[in-house]
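Beneath this line is the structure, given in structure tokens, with notes to follow.
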Amino acid sequence: MIHVLPVRTPTLPPATHTNVYRVGRVVFDAASPYADEQARTLAWVRESPVPVDTIVLTHHHHDHVGGAEALRTALRASGTPAKILAHRDSVLPFDLDGTLDDGDVLDTGDGPLRAVYTPGHAHGHLVFLAENGDCIAGDLVAGTGTIVVAPPEGHLETYLQSLRRMLPLAKRLYPAHGPDLPGEDTLRHYLFHRAMRTEQVRVARDALLAAGEPVTPVAVAERVYAGIPGVDPLFAALQVAAILAWLEEHHGG
Ligand SMILES: [Zn+2]
């Protein structure tokens, strides 16, 4: 059974919280850097009927890892030999006790969870799949806000491959931000939305070229996102930069 505790984190608006998930002895994304939220996380972890001894990180972004070291320290102080695991490509301000790779199976004490390597949003991104298709999804998808795939770390084609890979596998997605989501419908929608946005970027780029104006991510973003409220211009430009790179890779510019 998947338990969830949303904790306040310095994440990207409109999201304000990151979901910490718990399955058996394993906690995913002990996320909050704030002391009050870390205390709440520890109390919630101690509710587990199976003593928690493993902290797994879906990826290394700061709004997913901010409470991991504090939780490990607190569990160790109470006599549990707790460990933190993540993909080896993760870059973290603390030491890992081991690494996870594609196909590794976590023995949670409440059913096995298989790690699936799903990069594109972040280096070393992993999701965790139960035998019934439940999937702890990290930032592969989001129930609140959108997933930023921005260079230099983000890579659109790699991200699309990760979405396609999970399409036949994930029946229910448990994202790091917002409520859980149907697997197939959500992944299809994400693939459709990215394809639509890519087409809009191509049209805007070609219009700038035809007008003899410089093609910059900011100029393209101003056309693509015109009239869409609440869009952060910096992130819009970064998303567009990822799509322009994809167009160059796939269609010779
Ligand atoms: Zn992330």
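The values are calculated or read from the model by the stated rules, or taken from the named source; none is laboratory data. Keep in mind the model is a prediction, meaning the values are calculated, not measured. Note that each Cβ is placed from the backbone with ideal geometry, even for glycine, and that neighbours are counted across all protein chains shown.
With the condition kept exactly as written, say whether any residue in the stretch 143-161 is of a type in the set (A, V, I, L, M, F, W, C), more than 26 Å from residue 53 (Cβ to Cβ) and more than 16 Å from the ligand (Cβ to nearest atom).
The initial filter retains those residues of the stretch 143-161 that are of a type in the set (A, V, I, L, M, F, W, C), namely 147-150, 156, 160.
Narrowing further to those that are more than 26 Å from residue 53 (Cβ to Cβ): 147-150, 156, 160.
Those still in the list that are more than 16 Å from the ligand (Cβ to nearest atom) too: 160.
Scanning the stretch 143-161 turns up at least one residue that is of a type in the set (A, V, I, L, M, F, W, C), more than 26 Å from residue 53 (Cβ to Cβ) and more than 16 Å from the ligand (Cβ to nearest atom).
Scanning the stretch 77-108 for residues that are surrounded by fewer than 15 Cβ atoms within 10 Å (Cβ to Cβ) and within 16 Å of the ligand (Cβ to nearest atom) gives 91, 93.
Among the residues making up the stretch 108-129, those that are within 14 Å of the chain's Cα centre (by Cα) and assigned to a loop (DSSP other than H, G, I, E, B) are 118, 119, 120, 121, 122, 123, 124, 125. Of all the residues in the stretch 26-72, those that are part of a loop (DSSP other than H, G, I, E, B), out of contact with any helix residue (DSSP H, G or I) (no Cβ under 8 Å at 6 or more places or on another chain) and more than 22 Å from residue 113 (Cα to Cα) number 2. Scanning the stretch 2-10 turns up one or more residues that are touching a helix residue (DSSP H, G or I) at 6+ places or on another chain (Cβ under 7 Å) and under 18 Å from residue 128 (Cα atoms). Between 150, 74, the distinction of being surrounded by fewer than 22 Cβ atoms within 10 Å (Cβ to Cβ), in contact with a Leu (Cβ under 6 Å, 6 or more places away or on another chain) and within 15 Å of residue 61 (Cβ to Cβ) belongs to 150 only.
Right, residue 214: of a type outside the set (Phe, Trp, Tyr) and within 16 Å of the ligand (Cβ to nearest atom) or not? When the stated conditions are applied, residue 214 does not pass them.
Taking the conditions exactly as written (part of a helix (DSSP H, G or I) and not assigned by TED's automatic domain parsing to the domain that holds residue 239), does residue 157 satisfy them or not? Spelling it out, residue 157 is indeed part of a helix (DSSP H, G or I) and not assigned by TED's automatic domain parsing to the domain that holds residue 239.
In the stretch 127-142, what residues are within 15 Å of the ligand (Cβ to nearest atom) and either aliphatic (A, V, I, L, M) or in contact with a Gly (Cβ under 8 Å, 6 or more places away or on another chain) (or both)? Once the filter is applied, which keeps residues that are within 15 Å of the ligand (Cβ to nearest atom) and either aliphatic (A, V, I, L, M) or in contact with a Gly (Cβ under 8 Å, 6 or more places away or on another chain) (or both), the stretch 127-142 yields 127, 136, 137, 140, 141, 142. Evaluated against (1) in a loop (DSSP other than H, G, I, E, B); (2) surrounded by fewer than 19 Cβ atoms within 10 Å (Cβ to Cβ), residue 177 falls short on exactly one condition, (2).
Every residue, every condition in (1) of a type outside the set (S, T, N, Q); (2) assigned to a loop (DSSP other than H, G, I, E, B), yes or no:
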{"residue": "99", "(1), (2)": "no, no"}
{"residue": "140", "(1), (2)": "yes, yes"}
{"residue": "145", "(1), (2)": "yes, yes"}
{"residue": "149", "(1), (2)": "yes, yes"}
{"residue": "161", "(1), (2)": "no, no"}
{"residue": "165", "(1), (2)": "yes, no"}
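Here residue 198 meets the list (1) within 15 Å of the ligand (Cβ to nearest atom); (2) outside the structural domain of residue 114 (by TED's automatic domain parsing) almost entirely, failing just condition (1).
Filter the stretch 169-189 down to the residues that are touching a Ser or Thr at 6+ places or on another chain (Cβ under 9 Å) and within 16 Å of the ligand (Cβ to nearest atom) and list them by number. Spell out how you get there, then give the answer.
Keep residues of the stretch 169-189 that are touching a Ser or Thr at 6+ places or on another chain (Cβ under 9 Å), which gives 170, 173, 175-179.
Result: 173, 175, 176, 177, 178.
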